[in-house]
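First up is the structure itself, then whatever we jot down about it.
The values are calculated or read from the model by the stated rules, or taken from the named source; none is laboratory data. Worth saying up front: this structure is predicted, and the values here are computed from it rather than measured. Glycine also receives a Cβ, built like all others from the backbone with ideal geometry; neighbour counts cover every protein chain displayed.
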């Protein structure tokens, strides 16, 4: 009996679980390699207020649990371990997980991307309690409050400008004496009345008992230290796509994101991608879900043949 899966989905965030739901309803019997830390980045988020269908908001982990239960309703199979190897150079494709090789006629990569953090002593403890890496996700919670943004690229400028719609003051903290962001973004930030810049400065720690109350700063030139009272710290130093397993097998851009060739198809026919693993612009749960839907529909069409 042929034990080759029609489709294997790598990842169990918003993109992966949506792909699983659509694939299951299309009778593709998807197998999801959910990962040891299942649920994706939303499991590190507290209140989610911008996902449609929840007028009072919902906790990130609860939203992901609902998505998983919906997939399980359609008899989706899960392996709650990480994939340790992939071979996309031959058909059927081979994925190794839970110590055994698994074969598939198609693969949907929804492994997401990880936020780059500063590595501060209290940073991880306060993620979701004032420490964030996504202004569009969390800015609303900082109405009439003071926040800080760390970074010097376009993403940091975008985060800071977005936060000015809610916060009373936004302090951009940058370790150098000039930004690497595009000129137009720098000009917008520097001329905004709510934005202040601390040059040549790094964050040594974030402090707070249960929530962010301030940050400790150090000037890299004078080594002078100071405490800054803020209600939130937004880390905008980029993301790293979870694509290490696929290097040398499918086309990635210079930052490691998957390059799409035809809708959700990657450079390898039969291998699709969905969510933050290729989308470094929007990075929202709802857009990731949309990509998951499209990838499943594209996989179904691919499996049907010409």
Odd one out for residue 101 among (1) assigned to a strand (DSSP E or B); (2) outside the structural domain of residue 299 (by TED's automatic domain parsing); (3) free of Cβ contacts under 8 Å to residues at least 24 places away in the same chain:
(2)
Give the number of residues within region 134-152 that are more than 17 Å from residue 283 (Cα to Cα) and either touching a helix residue (DSSP H, G or I) at 6+ places or on another chain (Cβ under 8 Å) or in a loop (DSSP other than H, G, I, E, B) (or both).
9
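Let me confirm something: among 64, 37, which residue is under 24 Å from residue 131 (Cα atoms), within 17 Å of the chain's Cα centre (by Cα), surrounded by fewer than 23 Cβ atoms within 10 Å (Cβ to Cβ) and not assigned by TED's automatic domain parsing to the domain that holds residue 136?
On the way: 64 fails: surrounded by fewer than 23 Cβ atoms within 10 Å (Cβ to Cβ).
Only one candidate passes the filter, namely 37.
Each row is one residue, and each column tells you yes or no for (1) more than 17 Å from residue 135 (Cβ to Cβ); (2) outside any loop (DSSP other than H, G, I, E, B).
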position: 158; (1), (2): no, yes
position: 188; (1), (2): no, yes
position: 192; (1), (2): no, no
position: 216; (1), (2): yes, yes
position: 221; (1), (2): yes, no
Regarding region 285-303, can at least one residue be identified that is touching a strand residue (DSSP E or B) at 6+ places or on another chain (Cβ under 9 Å), outside the structural domain of residue 170 (by TED's automatic domain parsing) and not in a helix (DSSP H, G or I)?
no
In region 35-67, anything within 18 Å of residue 8 (Cα to Cα) and touching a helix residue (DSSP H, G or I) at 6+ places or on another chain (Cβ under 6 Å) is listed as 39, 67
Filtering region 257-276 down to residues that are in contact with a helix residue (DSSP H, G or I) (Cβ under 8 Å, 6 or more places away or on another chain) and crowded, with 17+ Cβ neighbours inside 10 Å yields 258, 264, 265, 270, 272, 273, 274, 275, 276
Among the numbered criteria (1) without any contact (Cβ under 8 Å) to a residue 24 or more places away in the chain; (2) more than 19 Å from residue 19 (Cβ to Cβ), which one does residue 72 miss?
(2)
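Test of understanding: among 202, 197, 170, which residue is surrounded by 20 or more Cβ atoms within 10 Å (Cβ to Cβ), assigned to a strand (DSSP E or B) and either under 25 Å from the mean Cα position of the chain (by Cα) or touching a residue at least 12 places away in the same chain (Cβ under 8 Å) (or both)? First the steps, then the outcome.
Numbers: 202 fails: surrounded by 20 or more Cβ atoms within 10 Å (Cβ to Cβ); 197 fails: surrounded by 20 or more Cβ atoms within 10 Å (Cβ to Cβ).
Selected residue: 170, the only one of 202, 197, 170 that is surrounded by 20 or more Cβ atoms within 10 Å (Cβ to Cβ), assigned to a strand (DSSP E or B) and either under 25 Å from the mean Cα position of the chain (by Cα) or touching a residue at least 12 places away in the same chain (Cβ under 8 Å) (or both).
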Please go through region 67-95 and pick out each residue that is more than 22 Å from the chain's Cα centre (by Cα), more than 22 Å from residue 268 (Cβ to Cβ) and not in a loop (DSSP other than H, G, I, E, B).
72, 73, 77
Counted residues in region 242-259 being under 22 Å from residue 36 (Cβ atoms) and either within 17 Å of the chain's Cα centre (by Cα) or not assigned by TED's automatic domain parsing to the domain that holds residue 15 (or both) come to 5
Just for region 1-34: of the residues that are in a helix (DSSP H, G or I) and either touching a strand residue (DSSP E or B) at 6+ places or on another chain (Cβ under 6 Å) or outside the structural domain of residue 264 (by TED's automatic domain parsing) (or both), which one is farthest from residue 61 (Cα to Cα)?
23
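So that you can scan it fast, the table gives a plain yes or no per residue for (1) under 17 Å from the mean Cα position of the chain (by Cα); (2) at pLDDT below 95; (3) surrounded by 21 or more Cβ atoms within 10 Å (Cβ to Cβ):
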residue	(1), (2), (3)
124	yes, yes, no
138	yes, yes, yes
144	no, no, no
158	yes, yes, no
161	no, no, no
It is to be established whether one or more residues within region 134-154 are touching a strand residue (DSSP E or B) at 6+ places or on another chain (Cβ under 9 Å), under 24 Å from residue 36 (Cα atoms) and not assigned by TED's automatic domain parsing to the domain that holds residue 35.
yes
Filter region 279-306 for residues that are modelled with pLDDT of 95 or more and in contact with a helix residue (DSSP H, G or I) (Cβ under 6 Å, 6 or more places away or on another chain); which is surrounded by the most Cβ atoms within 10 Å (Cβ to Cβ)?
295
